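Here the structure comes first, spelled out in structure tokens, and everything after it is commentary.
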Amino acid sequence: MLASLPRPPTDTSRYGTFPQKPDLPPAPGALVEDGRQQGTAATTAATTAAKRSAPMPNYPSTLRRGGFVPSEASLPPSRGSLATQHPRGRPSWCPPPAPQEAGARLYPLNTLSVANIPNSARGRTSARSSTIPTPEGMQGRRCKLLEEDNPMLQGGKRQRQRYVTKVGKCQVNLGNIQDKKRFLSDIFTTIVDLKYRWFLFVFMMCYIVTWVVFGVIYFFDAWVRGDVGHQGDPEWRACIENVDGFISALLLSVESQRTIGYGTRMVTANCAEGVILLMAQSIVGSMIDAMMVGCMFVKISRPKKRAQTLMFSKNCVISRRDEKLCLMFRVGDLRESHMVDAKIRAKLIKSRQTAEGEFIPLEQSELNLGYDTGEDRLFLVEPQIICHVIDRQSPFWDMSAESLRRDQFEIIIILEGIVEATGKCHCLAAGMTCQARTSYTEDEILWGYRFEPCMSLEKGAFHVDYSRFEMTFEVQTPAASAKELQELKELEQQEHSTLSLYWDHLVHPC
């Protein structure tokens, strides 16, 4: 394996400061002996390399930034000099990168917020082709690992799928559902959740199907009774009057179910089945009216549309507040009818690997937004800045400004409340709960910034300027993590107490 690794050029005059004499062509007679010596030397070198590589295989040795870097024995001896000649981070002995597919996505080697799971078609191929890597494959892997460590190339590779979009839509597709009978058990919610085109289609088909079915029954009854053939006979006692075909029977069905009653077609008392049929159609029509009108009302007045007037700031900021490092974002309500009993929550979505080697994709952890103090309950009249204190219980306790650029995670913000127009009595059963969502990735968090105030006092009332809702300004914030700041503070307190004891001992000796 060592013998197959790429080697630097033999021309050392490129790296040295002293010129060398040009190589003269050897004599024809010396070519044969040189070839024999070179063959013997190559055989000896191959045997020695095989013996050396047997007890110590050339595997990646150290871990760096979530990925492996090759050991020192597997790198060319002139790696440093070659890297200086290529400022972009790709050594000259690395092959050019293969053209990337149009739909492919690049992911860093560190922990992803969305699991990098291959497709089913690619999974079988990769599982079958996982054999001993060839020297070319090892060379390409080595070049790829070197590119991962290059900070200039990391910015272009941080492209991944969001778990929740900025407008609150969850990017999760459910597939391979076997037991679809569960949707029919809750038919009301299934119809309400349909898109408008399918909802209107179901709405129309419920009426059209019932009209056609009862029209066919009316026509069959009139045909069996002989009412169709005795039209215009004054002595004939018809069961269903003025029904001479299917179209007239269909009009009778529509008039009966919609209670129009034009008076030209009707069911008489000469037959009992006609009366029973009219009663059945009236009951079925009332049930369809109640269900379809209820679905239409809920579809139009869903509180989901109320979330369109709830605003979230585009970015999160991290700065110090009351001598504590805090993560903050801003929320606001554009309507004058406010939310009742508004609550806010935050979830951290991040994949991790346990100590036993188990990979947990999209693990959810809670971010404390003041649940223990009641600060998560909002009186959302004006825009408010929501604060998460980064303490020992926070998952960002060890995060610094440098680790923020390398890590990958997603923060989901959930704002819930009751629409004031539907529940002014503060009753959960009477009001409809509205939920607004958004998300922040690590690229949307600004370290060392603070939100500008957007409220002022004008003409005896408070004025909110929503044009300054997204504005931030930079403040002096240490780049260290909250843990390091706390340790530094404790160390200063310890030194201060030591100096105080020493001073007290000098002033008041025993």
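Sorting the segments 259-272, 382-395 by their residues' average number of neighbouring beta-carbon atoms within 10 angstrom, most packed first, yields 382-395, 259-272. The HN-Hα couplings worked out from phi for region 372-387 by the Karplus form 6.51 cos²θ - 1.76 cosθ + 1.60 (θ = phi - 60°) are 6, 9, x, 6, 7, 8, 10, 9, 7, 9, 10, x, 10, 9, 8, 10 Hz, whole numbers, x standing for Gly and Pro. Overall form of region 306-486: oblate. Here a/c, set by the Cα gyration tensor axes a ≥ b ≥ c, is 1.5 or more, and a/b is not larger than b/c.
Whole-Hz Karplus values for region 195-205 come out as 5, 4, 5, 6, 5, 5, 5, 5, 4, 6, 5 Hz, taken residue by residue from phi with 6.51 cos²θ - 1.76 cosθ + 1.60 and θ = phi - 60°; glycine and proline positions read x. Taking the Cβ of Lys347 as the center, what net charge do the other residues with Cβ under 14 Å away carry, scoring Lys and Arg +1 and Asp and Glu -1? Net of charged neighbours comes to 0. Here region 306-486 exposes an accessible surface that is 49 percent carbon and sulfur, computed with a 1.4 Å probe and the other protein chains kept in place.
Quick check on region 193-301: take the gyration tensor over C-alpha atoms, sort the square-rooted eigenvalues as a ≥ b ≥ c, and tell me if it's rounded (a/c under 1.5), prolate or oblate. Prolate is the answer for region 193-301, as a/c is 1.5 or above and a/b outweighs b/c. Pairs exceeding a 29 Å alpha-carbon distance, out of Lys166/Lys299; Lys304/Lys324; Lys181/Lys343; Lys304/Lys350: Lys304/Lys324; Lys181/Lys343.
Amide H to amide H, with H built 1.01 Å from N, Arg352 comes under 5 Å of Ile360, Leu362, Glu363, counting only residues 5 or more places away or on other chains. Taking every C-alpha pair closer than 8 Å and separated by at least 6 residues, the mean separation divided by the residue count of region 345-412 gives a relative contact order of 38 percent.
The packing ranking, built from the mean of other Cβ atoms within 10 Å per residue, places the peptides 485-497, 236-248 in the order 236-248, 485-497, highest first. For the pair region 234-299 and region 185-223, the centres of their Cα atoms are 15 angstrom apart.
Mean separation of Cα pairs under 8 Å and 6+ residues apart, divided by the residue count of region 306-486: what relative contact order is that in percent? Worked out over region 306-486, it gives 27 percent. Only Cα pairs under 8 Å and 6+ residues apart enter the sum, and on that basis the relative contact order of region 193-301 stands at 24 percent. Residues in region 353-360 carry Karplus couplings, in order, of 10, 6, 5, 8, x, 7, 9, 10 Hz; the curve used is 6.51 cos²θ - 1.76 cosθ + 1.60 with θ = phi - 60°, and Gly or Pro positions show x.
The values are calculated or read from the model by the stated rules, or taken from the named source; none is laboratory data. Note that the structure is a prediction, hence the values are computed from the model and not measured. Note that we place each Cβ from the backbone using ideal geometry, even for glycine, and neighbour counts take in every protein chain shown. Quick note on the areas: whole protein, heavy atoms, side chains included, nothing else; ligands and nucleic acids left out. Shrake-Rupley method; radii C 1.70, N 1.55, O 1.52, S 1.80 Å.
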